[in-house]
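To start, the structure itself, in structure tokens.
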Amino acid sequence: MPPNGPPDRVAIDLGDRGYDILIGPGVLGDPASYDGLPRPQSALVVSNPTVSALHGARLRAMLEPRHARVLQVDLPDGEAYKDWSSLNLIFDALLAHECDRRTLVYALGGGVVGDVAGFAAACYMRGVPFVQVPTTLLAQVDSSVGGKTAINHPRGKNMIGAFYQPLRVLADLDVLDTLPDRELSAGLAEVIKYGPIADAAFLDWVEAHLDALLARGKPALAHAVRRSCEIKAWVVGQDERESGLRAILNYGHTFGHAIEAGLGYGQWLHGEAVGCGMVMAADLSARLGLVPAAFVERMRRLVVRARLPVAAPAAIGADRFVDLMRVDKKAEGGQTRFVLIEGVGHAVQRVVPEALVRETIAACSG
Ligand code: NAD
Ligand code: GLY
């Protein structure tokens, strides 16, 4: 097989907290991907048993020549474990091995591992450096980029966390070969999101290349990951701590988080809830006259083609759905703010009359 060319590089422009995302096949096993990263005595790989078994050896082989000790902690696998007990497993490992504040943490896994490991890195000794090595499509296009780290609380998703940027993101497209189909689709939800909020031409591109993405074609995946990261970099570079613009990245997430919490974390995948949530947010946008009804159908068709659910579980019930959305981090003074589409490629945030929200829940549940 011919060697891979140089990876794509997307820069996150945040001054002295800025960093690069390296994207391409073979990034994980290429020594050049690690050039310039610190080489303290200890590195700690945070992963889970599923990902460790598949890809852990390749990361360790790259780290062992760089560090005197390469430690490892595997968290239990799943959204249900994005909690205090997993966070403590990381602190326990760091303390048991007397790791100092130069220790470099590598988060090898999907969004759950990345969010928990990033939060642990933000907290341990008030901050140790970390590198994101995202292994799901969702993590490559979204969660590993931008510095949001968190664990869940039973009353709300991602409610306990910190903004803490990694030193680098290593997005190896080859690791996606082992991803289950359901997880690939969940990642596509976050890819789909970037078009309606910021780039109408990218939405056209995703519609035209969805079959290639589902078939895991490398050129299509490379473009999807790169363009998603470029759009996320553009947003995060202007509003790192979500005082305004960054909230547009949560298109579909207000409805989606309520579905996840309402059903119990881990029942629907995050990306599945976001897929359905985007259709609901499109429906709400149409009810407010911000987009034509045809846009709702366009979103629904695309989400269905991506093999994601489009009907919210009726079992949650409208009252509980509305209550759950009040816990959303975008809520202010008990009022839920929704990310809505105002013409394809442009998102806005609005507080919406509850009666309209209930109409959307009724129309989009099944
Ligand atoms: P995940 O981390 O649970 O990973 C999904 C599943 O795929 C897991 O079972 C995992 O073990 C497995 N897996 C991972 N990589 C694999 C591979 N290469 N081959 C085979 N199996 C593999 O889920 P996710 O979808 O990656 O992430 C969802 C999480 O990300 C949620 O908690 C969500 O809140 C969070 N998130 C965070 C941000 C952010 O900005 N920080 C953004 C979006 C989502
Ligand atoms: N995934 C939303 C954000 O990073 O802001």
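Return a yes/no flag: does region 184-204 have any residue that is more than 17 Å from Glu230 (Cβ to Cβ), assigned to a loop (DSSP other than H, G, I, E, B) and not charged (D, E, K, R).
no
Could you please find all residues in region 314-327 being under 20 Å from Pro154 (Cα atoms) and open to solvent by 20 Å² or more (accessible area, probe 1.4 Å)?
If the condition is that a residue be under 20 Å from Pro154 (Cα atoms) and open to solvent by 20 Å² or more (accessible area, probe 1.4 Å), then Ala315, Gly317, Ala318, Asp319, Arg320, Asp323, Leu324, Arg326, Val327 are the ones that fit.
Could you please find all residues in region 242-267 being more than 10 Å from ligand 2 (Cβ to nearest atom) and under 19 Å from Ala162 (Cβ atoms)?
Result: Ser243, His257.
Within region 110-128, can you find the residues that are more than 24 Å from Leu263 (Cβ to Cβ) and open to solvent by 30 Å² or more (accessible area, probe 1.4 Å)?
Of everything in region 110-128, those that are more than 24 Å from Leu263 (Cβ to Cβ) and open to solvent by 30 Å² or more (accessible area, probe 1.4 Å) turn out to be Cys123, Met125, Arg126.
Take the residues of region 143-165 that are in a loop (DSSP other than H, G, I, E, B) and within 13 Å of ligand 2 (Cβ to nearest atom): which is surrounded by the most Cβ atoms within 10 Å (Cβ to Cβ)?
Step one: of region 143-165, the residues in a loop (DSSP other than H, G, I, E, B) are 144-147, 154-155, 164-165.
Subset that is within 13 Å of ligand 2 (Cβ to nearest atom): 144-147, 164-165.
On the way: Ser144: 32, Val145: 26, Gly146: 23, Gly147: 20, Tyr164: 19, Gln165: 24.
Out of the qualifying residues, it is Ser144.
Would region 290-299 turn up any residue that is over 21 Å from the mean Cα position of the chain (by Cα), under 30 Å from Pro180 (Cα atoms) and among the acidic types (Asp, Glu)?
Yes.
Here are the criteria: (1) within 14 Å of ligand 2 (Cβ to nearest atom); (2) open to solvent by 10 Å² or more (accessible area, probe 1.4 Å); (3) basic (Lys, Arg). Tell me which single one Lys193 does not satisfy.
(2)
Can you tell me which residue within region 328-342, out of those that are at pLDDT below 95, open to solvent by less than 70 Å² (accessible area, probe 1.4 Å) and not β-branched (Val, Ile, Thr), is farthest from Gly187 (Cα to Cα)?
Residues of region 328-342 that are at pLDDT below 95, as a first pass: 328-337.
Right, trim to open to solvent by less than 70 Å² (accessible area, probe 1.4 Å) and you get 328, 330-331, 334, 336-337.
Now drop any that are not not β-branched (Val, Ile, Thr), which leaves 328, 330-331, 334, 337.
Details: Asp328: 21, Lys330: 23, Ala331: 26, Gly334: 31, Arg337: 24 Å.
Applying the filter and picking the extreme gives Gly334.
Only residues that are open to solvent by less than 50 Å² (accessible area, probe 1.4 Å) and either assigned to a helix (DSSP H, G or I) or not basic (Lys, Arg) (or both): list them for region 60-75, please. Spell out how you get there, then give the answer.
Start the filter on region 60-75 by keeping residues that are open to solvent by less than 50 Å² (accessible area, probe 1.4 Å), which leaves 62-63, 66-67, 70-71, 73, 75.
Within region 60-75, Met62, Leu63, His67, Val70, Leu71, Val73, Leu75 meet the criteria.
Which residue, of Ala32, Ala93, Ala43, is more than 16 Å from ligand 2 (Cβ to nearest atom), assigned to a strand (DSSP E or B) and over 21 Å from Thr136 (Cβ atoms)?
The conditions single out Ala43.
Which numbered condition in (1) within 17 Å of Leu324 (Cα to Cα); (2) away from ligand 1 (no atom under 16 Å from the Cβ) is the only one that Trp268 fails?
Here Trp268 meets the rest and fails (2).
Within 13 Å of ligand 1 (Cβ to nearest atom), of a type in the set (Asp, Glu) and in contact (Cβ under 8 Å) with a residue 12 or more places away in the chain - does that describe any residue in region 98-117?
Yes; the residues of region 98-117 include at least one that is within 13 Å of ligand 1 (Cβ to nearest atom), of a type in the set (Asp, Glu) and in contact (Cβ under 8 Å) with a residue 12 or more places away in the chain.
So if I check each of Ala96, Ala57, Ala107, which one is modelled with pLDDT of 95 or more, surrounded by fewer than 17 Cβ atoms within 10 Å (Cβ to Cβ) and under 17 Å from Gly29 (Cα atoms)?
Ala57
Taking only region 207-244 into account, find how many residues are open to solvent by less than 20 Å² (accessible area, probe 1.4 Å), touching a residue at least 12 places away in the same chain (Cβ under 8 Å) and not in a helix (DSSP H, G or I).
Residues in region 207-244 being open to solvent by less than 20 Å² (accessible area, probe 1.4 Å), touching a residue at least 12 places away in the same chain (Cβ under 8 Å) and not in a helix (DSSP H, G or I): 0 in total.
Residue check, Arg168 against (1) closer than 29 Å to Asp35 by Cβ; (2) out of contact with any strand residue (DSSP E or B) (no Cβ under 7 Å at 6 or more places or on another chain); (3) open to solvent by 30 Å² or more (accessible area, probe 1.4 Å), all met but one. Which one?
(2)
The values are calculated or read from the model by the stated rules, or taken from the named source; none is laboratory data. Computed from a prediction, not measured in an experiment: that's the story for all the values here. Neighbour counts are summed over all protein chains in view; Cβ atoms, including those assigned to glycine, are modelled from backbone coordinates with ideal geometry. Note: accessible area is taken over every heavy atom of the protein model, side chains too, but ligands, DNA and RNA are not part of it. Shrake-Rupley method; radii C 1.70, N 1.55, O 1.52, S 1.80 Å.
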